[in-house]
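For reference, the structure discussed in these notes is given below.
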Amino acid sequence: QVQLVESGGGLVQPGGSLRLSCAASGFPFTSYAMSWYRQPPGKERELVAAITSAGGSTNYANSVKGRFTISRDNAKNTVYLQMNSLKPEDTAVYSCNAELQLGYLGKYEYWGQGTQVTVSS
């Protein structure tokens, strides 16, 4: 049974920090690229950050570059999102995503349920 379980969300003041975790099980975690997405209230879901299966490459949305850091611990089957200098516009439901590209065969993809992050004074 595939599971992606996010934790670490909550209410934080502007300028504060949070670390999100996503614990994975039920699939070969080390083969999958992992990403964090977010969906602000009333808006489309957007990619925040992504990391390759071995952790050697990352990329970020322009809006979070220099403030957020994605990392993974393949021994613990967990991906993290360290969020610093948080702004009210970072308020959203954050979800983790696991993806394995199979070329012309398509892909395997799994989603977590999401965790709410609210940045407000």
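The values are calculated or read from the model by the stated rules, or taken from the named source; none is laboratory data. All of these numbers come straight from a predicted model, not from anything done at the bench. Every residue, glycine among them, receives a Cβ derived from its backbone with ideal geometry; neighbour counts consider all protein chains shown. Heads up: the accessible areas ignore ligands, DNA and RNA and are worked out on the full protein's heavy atoms, side chains in. Shrake-Rupley method; radii C 1.70, N 1.55, O 1.52, S 1.80 Å.
Taking R0 as 22 Å, what FRET efficiency do you get between Val2 and Ser85 from their Cβ-Cβ distance, rounded to the nearest 0.05? Show your work: numbers first, answer last.
Numbers: r = 33 Å, r/R0 = 1.52.
Efficiency at R0 = 22 Å is approximately 0.10.
In square angstrom, what is the accessible area per residue of the stretch 1-82 with a 1.4 angstrom probe? Provide the component values of the computation, followed by the final result.
Working: 4310 Å² over 82 residues.
Accessible area per residue: 53 Å².
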What's the extension gain from Leu102 to Thr30 if we count 0.36 nm per residue and subtract their Cα-Cα distance? 24.4 nm
Once phi for every residue in the stretch 43-48 is put through the Karplus expression 6.51 cos²θ - 1.76 cosθ + 1.60 (θ = phi - 60°), the whole-Hz ³J(HN,Hα) values, with Gly and Pro written as x, are 10, 6, 6, 9, 6, 9
In whole Hz, what ³J(HN,Hα) sequence does the stretch 22-35 give by Karplus (6.51, -1.76, 1.60; θ = phi - 60°), x for Gly and Pro? 9, 8, 10, 7, x, 8, x, 3, 5, 8, 9, 6, 10, 9
